[in-house]
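The values are calculated or read from the model by the stated rules, or taken from the named source; none is laboratory data. Please read all numbers here as calculations on a predicted model, not as lab measurements. Ideal geometry is used to build each Cβ from the backbone, glycine not excepted, and the neighbour counts take in all protein chains shown.
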């Protein structure tokens, strides 16, 4: 995201109304500094980390699909089933837990002995 913002700032400095190299460099430096500050705040402060970063969301628990959580996280049943197939499980009833991770991936943990051969 930071790179997209920087590219937009530099593009405006090159072809927009502000044709100065200095304006683009100041804009890019400002974005880098703000990014560094927010990353440091998230690293050092648990409260800021809770505000700035996503939390894992439980999608399946003990073989039962949690449809309210799927709707809240905007995950379709097809996406969940696809993640289950990648983990070697074909039925939600065979899944102990499935979690939408902070990075957007879905982790699927089947019950013991439920992996497809």
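Of the residues making up the stretch 39-72, those that are surrounded by 15 or more Cβ atoms within 10 Å (Cβ to Cβ) and within 19 Å of the chain's Cα centre (by Cα) are 42, 57, 59, 60, 69, 70. The residue that is surrounded by the most Cβ atoms within 10 Å (Cβ to Cβ), among those in the stretch 73-90 that are without any contact (Cβ under 8 Å) to a residue 12 or more places away in the chain and in a loop (DSSP other than H, G, I, E, B), is 76. When the stretch 1-20 is limited to residues that are exposed (fewer than 11 other Cβ atoms within 10 Å of the Cβ) and assigned to a helix (DSSP H, G or I), the one that is modelled with the lowest pLDDT turns out to be 15. Among the residues of the stretch 21-59, which ones are modelled with pLDDT under 85 and assigned to a loop (DSSP other than H, G, I, E, B)? Listed by number, the residues that qualify are 53, 54.
Contact map, the stretch 1-18: first residue within 16 Å of residue 38 (Cβ to Cβ), second residue assigned to a helix (DSSP H, G or I) and modelled with pLDDT under 70, Cβ cut-off under 6 Å, separation 6 or more or different chains; the map is empty.
Say whether the condition of being at pLDDT below 95 and part of a helix (DSSP H, G or I) is met by at least one residue in the stretch 60-68. No, that holds for no residue.
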